[in-house]
Every structure is written in C-alpha cells, then in structure tokens.
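Comments concern the structure below.
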Amino acid sequence: MQKTIQIEIDGSTLKIDIHRWAQQSNGSALLTYKDNMVLVTANMREEAKAAQDFLPLMVDFRENTYSAGKIPGGFFKREGRPSEKEVLLSRLIDRPIRPLFADNYNHDTQVIAMLLSADFSIDYDSMGIIGASAALISSTIPFSTPLGAVKIGWKNNEYFINPGQDVLKELEMVLQVAGTEQEVVMLEAAGNEFSDEVFMEGLRRAKEVIARICQAQKELLNPDKMVVASKPEAAALVDDLRDKFTAQIRDAIFTQDRVLRRLKIKAIQEEIMQGKEEEEIVRIKGAFEKVEAQIFRQTLLQGKKRTDNRAFDEIRAISIELGILPRVHGSAVFTRGETQSLSTVTLGSEDDAQRLDNLNGDETKKKFLLHYNFPPFSVGEVSFLRGAGRREIGHGNLAEKSLSKVIPDSENFPYTIRVVSDILESNGSSSMATVCGATLALMNAGVPIKAPVAGIAMGLVKEGDQFAVLTDIAGYEDHFGDMDFKVAGTEKGITAIQLDIKIKGLTDEIIRLAIEDARKAYLFILAKMKSVIAVPSEKLSEYAPVILTMMIPVDKIRDLIGPGGKNIKELVATYSVKINAEDDGKVSIAAANRELGEKVIARIEAMTGSPEVNKIYNGKINRIEDYGLFVEIMPGVTGLLHVSEISNQRIRDVRQEYKLGQMIEVKVLALDRDNKMKLSHKVLENQPRDGEN
C-alpha cells in the first residue's frame, strides 16, 4: 500500500513515500530532503536454511554519479566497485538496523540504498538509515521498531542539524546518531578535542530530532509481519546443557590463557557432540554458545568477576617498542594484553597524496592516510589473504578520524603521511591499539603532531535494570557482551567516538558513564605512551625524503614549467628530485638530501626571479650586433650590453671578440618602467664580486 509522510527538520521537510517505486520489493521507501533523493529497498528470501542460526544481512549504499550530474571516469564510464565512502555509508546503515530484527529471524535479507539526486547544501548520510527503517517496517520482514538518524555539527557554541559539505569542513565536532524513539542504537563522532559536555548536548539535540522521525514512521508499520516461530526445543537443549556442563564451561571460560581456553571449550563441545548427526550438531553448537553467554554474563553481573580477573575499570598490561624497523621512516609496536599493532609511517611528497574525485565535482588531495590490515594469523586462523574488506576500511577510518585533527598542516610539515597498522595479534579492540601505535610511530618518525592521541574500547553487560560497564574489553567480552564503545582523545579532549550495540538501545546514563570511564582509561594509556616518548623526534629518518618549499611569483610558474614541461622535466632528471608547483606559486621540492634540494631552489630562483639593480649575473650571449651584445641573464630575460659598457679597453669588432653562447658576467645598472635593462661588464673589471649570482 502506498503511503506518504512528511517530517519537519530544522526548517526543511523530509518526505518519505512508501511503495511509490520498486513495488516488487518487499519494502521500499523513496526519501526526499531538499533536492536529495534516496531510494531504499528491503527484501528477504522466503525460505531460511534450516541450519542457519544467525542473521545473514547484506546492506549496500550506492552514490550514483548521475545524482550529481557527472559521468564516471575511467575507461568503462560506469560505476565499479564501491568507493570507500560507499562502504562506510553501507556500514552506517547496517550497524543500527542489525540489532532491531526479531529474535530467531534468520532469512537472507538485503537492504539497498541508492542516491538518485545529490544536494550538497544539506547532509544526506542519515537518509540511508531512515530509509532502511521505513522500508523494513512497511514490509512483512520482522522489523517493527522505527529508527531515526541525524547528523549534528558544532562550532563556537552553535549546533547545526545535517550540515552541508561547505559547513562540515569548518566544524569542531561532527556527531552522527541513530536511535529509536527513546534510546540510542549507534553513534559516531569526530572532532577537534571536544569536551564531554559538548558531546552530550549534541546527543540531546540529536535525540529530539530522532524521536520525531520515529513517531512519524509509526503509521507506516505493516500489520502483516512474518511471525518468527519460537524454538522451544532449542530452549530445552540450552537448559539441559546448562544443567550438565555449567561447572566445566565455567572452568574453561575463566582459563587465563586464550589458546588453552579455546582448547578446553572445544573439548567440551566434542564430548557433547560425539556420535550425533550433522543437523543435531548444528543445534548443539548454537545452544552451547547460548550457555557460554549465560554463564559469562551471570558471573560478571552477579559475581562481579571478569574472565581474566580484572577489575571492571582495569586496563591490561601495556608494552611499547619504538623504531624497531631500521629502514622505515617511523615505527612502533603497541601491545595491550593480547592485542598487538605494528604501526609504520612513510613520508612522501606532494605527488604521493591521494587524489579524490568527489561526487560534488571537487578534486581534492588527501595528504594523511591511515590503512588498517587484519591478517588471519592475528587470531590464529587460516584464510585467503585478500584486499581490505569492509571491516578493515571501517576500523582504518575510525583510527584516521581519531588522529586527523592533530596532524600538522602542509605549511608546517609539507609531507604526505601514510600510516599502516598491521594487527599481529588480536583479542579486543585492535582499532584503538591502532590509534595508540600510530601516534607512537608518528612521533618516532618526527612528525610534529599537535598532541598524542590514545584510544580505549568500553563494553557493557546488561540484564534488565542491572548493568556493568567494562574498560578495555577483551574479545570474549566483546563477543558475549552488549556494547562496543570506542573513545579516542588527547589530554584536552575527545577526537573520535564510535558506538555499536547488540541490544535494542542505550540510555544517556550508560553513555555518560562509559565516556567518563573511557577518559580515565585513555589518559592512563597516554601517560604510559609519554613515558616512552614525550615529544616527536627532532630529526627525520635518514631514509626519509627532504622536502623544501619556496614561493615564486604566479606569473613565473610558466617559466618554471617551460614549453611542454621542458624546464621542470630537465630539473627533475638532472637532480633526481620531485617538483610540484601549485597555482598560488608554492613550489615543493622532494630531494634525497638538503644539499641537493637547495641546489634546485637556487636554480628555480634563477629561472623565475626578476632582475635586480646592482646585482651581478653570469649571462649567456644569445645575439650579437655591431652596437653590442644581447645577454640572457635569466631564462627569458635578456638585456643589451652596449659596446660602450663591454670593456674599459677599446673593442674594434665585437663579433671577433665574442661568440654566441659564450658566458659573460654583467651588472644591472638600471631598469626602466618596461623592465628594459642597462647592463655593464666593464664596471666589474678589477672590482670585487659582492652580490654575485
């Protein structure tokens, strides 16, 4: 059934049309917000696999280039593999909707969001989440809780709702929130050392908008939802396993060595499954995991005991190694418990910056890159080593946002910076270990970051009104817990937050408590890091390129480049350097050492400078007349050396005395309004060469 609702958001109208387009989909929503238009569809397979005890959910967001009036680049002129932004937007939808599906629902489900028209004056990121909610609740898919989303910006004590791209660049905090009418389901934030108070006020404003969006969606609810059958036989199996194996499972859970714990758990499972059929084995594995979770959660909430015997706010042991890779520009190994990140820094020139062809038509350069890798050996597994997946892209993006505000600008540090975090071992929050390791590697490399950054992951176990917030969660607590709340910051404030949950929502009380504990934790880690390296190294690695910058007049850029790039190519080939000239006259030279770079600067100054009165130049004769010599003192700058100024001795025939291409020293005696020069050689005879070029 087609239906339309409208929601006022900060003076603009969000319109949602249900089943207007894509009517063969189980659910579809067309969202219009100013000139932004997003179509979201939701579909499920009618039959579920019998042995499937999880939700196989696929979510994709596509930014069609036609939405911005553009034709894709490349040979094929069509959209290809998802961009990094599309991957992040797909995750942005997946994370809040996943915990809101009905329990025991396990049908293959797909949500697709397509950007059809792009209006960059107002943010459209939240439209995918809202559209997914509207498409799902209007379908027969067992998803009945309306979900809203909004982006909040902050600068100079002013808050902005869904700020456009021009405003986004100037904000001191950007907060993306998704939630139900009452509680928060997902959030992420990034900014320039913002305070808890700024964040909580932004969250309050976000929840007000989200509540209105959720209330409006209630009339879209499809009454003919698929009924998910309960599984009494599964519940009975869980009770039976708990009665018989609680003592053994508890002993295994509280085994300190992670490998030994896994072996004990495996041994118990094999004992239970011995002689069972394949279908029964699948049911036993699912029931066994539920028993594990129940014992873990009960022991933590009632016995106040974590699996590794830490206090709820205790951080695992930390060790740091610096500069362990001799040939890279900066390196560090950060280990926290059984999570270990090898972070490396590579410094490059302007040419190494990543060029981004944005949907709005702007081509920008990205000079700080952070890449996160999660090889299978980090968790003792065997699998194909592929390129970066969605998880790697998401974790790398979070770490990059955590650090981006402390990276020096190009004026103070004219390098392209690439950080790579290879996770060597993982047992909880490798993304926050990446933040710490990357900070240490940057300081080891001599990058003058504005302040060191550390990060921590917080967990939660909640049953009814009883809950426990956990600091520095390990993998087991992440798997069986209810929350993964990551916070990164400096001594002054927060730089990034990311929250994901498995329950239906979080209250402000839990969020505030988690942030307070997180701040104490990352400040503790910062102190550990600063005890090893307090400030960035004063010198760069001997293997890092030396980058020197200079300014030349804008109208001289063509002289540097030369016809067909002849001049700049000659410099690059002669000195084995990289040269980049900006439109504003800024020139950067990447050389193997400072001496070589300064030679190139001297050459460029000679090529692009203007003649100065009383300065001496070593010029080349490029024309000879009876009345004098035409001498080129700079590329394209030629003046007349009159025969009367050539020598104090009488010259009978200049053609006999001088040849084309011959070098001769001259002094600029005068410049007229048209920059015509009066040159002299005779004034240099028997004179000291002060000011010689």
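Summary table below
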{"item": "Residue within the range 405-426 that is at pLDDT 95 or above, hydrophobic (A, V, I, L, M, F, W, C) and more than 24 Å from I494 (Cβ to Cβ) present", "result": "yes"}
{"item": "Of all residues in the range 645-690 being modelled with pLDDT under 90 and on the phi > 0 side of the Ramachandran plot, the one that is surrounded by the most Cβ atoms within 10 Å (Cβ to Cβ)", "result": "N675"}
{"item": "Output for the range 379-398, where each listed residue is free of Cβ contacts under 8 Å to residues at least 40 places away in the same chain and either over 15 Å from the mean Cα position of the chain (by Cα) or part of a helix (DSSP H, G or I) (or both)", "result": "E381, V382, S383, F384, L385, R386, G387, R391, E392, H395, G396"}
{"item": "Qualifying residue in the range 238-248 (condition: under 28 Å from A474 (Cα atoms) and of a type in the set (V, I, T))", "result": "yes"}
{"item": "Candidate set: the range 53-70, residues that are hydrophobic (A, V, I, L, M, F, W, C) and either more than 23 Å from the chain's Cα centre (by Cα) or modelled with pLDDT under 95 (or both); chosen: the one farthest from K231 (Cα to Cα)", "result": "A68"}
{"item": "When residues of the range 622-632 are limited to those that are in contact with a Lys or Arg (Cβ under 9 Å, 6 or more places away or on another chain) and within 16 Å of K682 (Cα to Cα), the one surrounded by the fewest Cβ atoms within 10 Å (Cβ to Cβ)", "result": "F630"}
{"item": "Residues located in the range 633-680, provided they are within 56 Å of the chain's Cα centre (by Cα) and among the hydroxyl-bearing types (S, T, Y)", "result": "T638"}
{"item": "Any hit, the range 222-235, residues being hydroxyl-bearing (S, T, Y) and over 30 Å from Y105 (Cβ atoms)", "result": "no"}
{"item": "Residue within the range 138-155 that is without any contact (Cβ under 8 Å) to a residue 24 or more places away in the chain and more than 20 Å from the chain's Cα centre (by Cα) present", "result": "yes"}
{"item": "Output for the range 518-556, where each listed residue is in a helix (DSSP H, G or I) and of a type in the set (K, R)", "result": "R519, K520, K528, K530, K556"}
{"item": "Single residue of the range 71-108 satisfying the filter (modelled with pLDDT of 90 or more and of a type in the set (D, E, K, R)) that is surrounded by the fewest Cβ atoms within 10 Å (Cβ to Cβ)", "result": "E84"}
{"item": "One residue from I494, I417, I501 being surrounded by 22 or more Cβ atoms within 10 Å (Cβ to Cβ) and more than 21 Å from the chain's Cα centre (by Cα)", "result": "I501"}
{"item": "Tally of residues being free of Cβ contacts under 8 Å to residues at least 24 places away in the same chain and either more than 28 Å from P142 (Cβ to Cβ) or among the acidic types (D, E) (or both) across the range 9-31", "result": "3"}
{"item": "Odd one out for T32 among (1) touching a Gly at 6+ places or on another chain (Cβ under 6 Å); (2) of a type in the set (V, I, T); (3) farther than 29 Å from L398 by Cβ", "result": "(1)"}
{"item": "Residues (among the acidic types (D, E), in contact (Cβ under 8 Å) with a residue 12 or more places away in the chain and within 20 Å of I9 (Cα to Cα)) located in the range 197-233", "result": "E201, E219"}
{"item": "Test: residue in the range 28-50 that is modelled with pLDDT under 95, of a type outside the set (D, E, K, R) and out of contact with any Leu (no Cβ under 7 Å at 6 or more places or on another chain)", "result": "yes"}
{"item": "Close pairs from the range 583-610: first farther than 15 Å from P545 by Cα and modelled with pLDDT under 85, partner surrounded by fewer than 16 Cβ atoms within 10 Å (Cβ to Cβ) and among the polar types (S, T, N, Q), Cβ under 8 Å, at least 6 apart", "result": "S610/N675"}
{"item": "Meets criteria (in contact with a Leu (Cβ under 9 Å, 6 or more places away or on another chain), free of Cβ contacts under 8 Å to residues at least 40 places away in the same chain and of a type in the set (A, V, I, L, M, F, W, C)) for F160", "result": "yes"}
{"item": "Candidates A252, A267, A311 - the one that is crowded, with 16+ Cβ neighbours inside 10 Å and of a type in the set (G, A, S)", "result": "A252"}
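The values are calculated or read from the model by the stated rules, or taken from the named source; none is laboratory data. What you are looking at is a predicted structure, and each value in this text was computed from that prediction instead of being measured. All Cβ positions, even for glycine, are placed from backbone atoms using ideal geometry, and neighbour counts span all protein chains on display.
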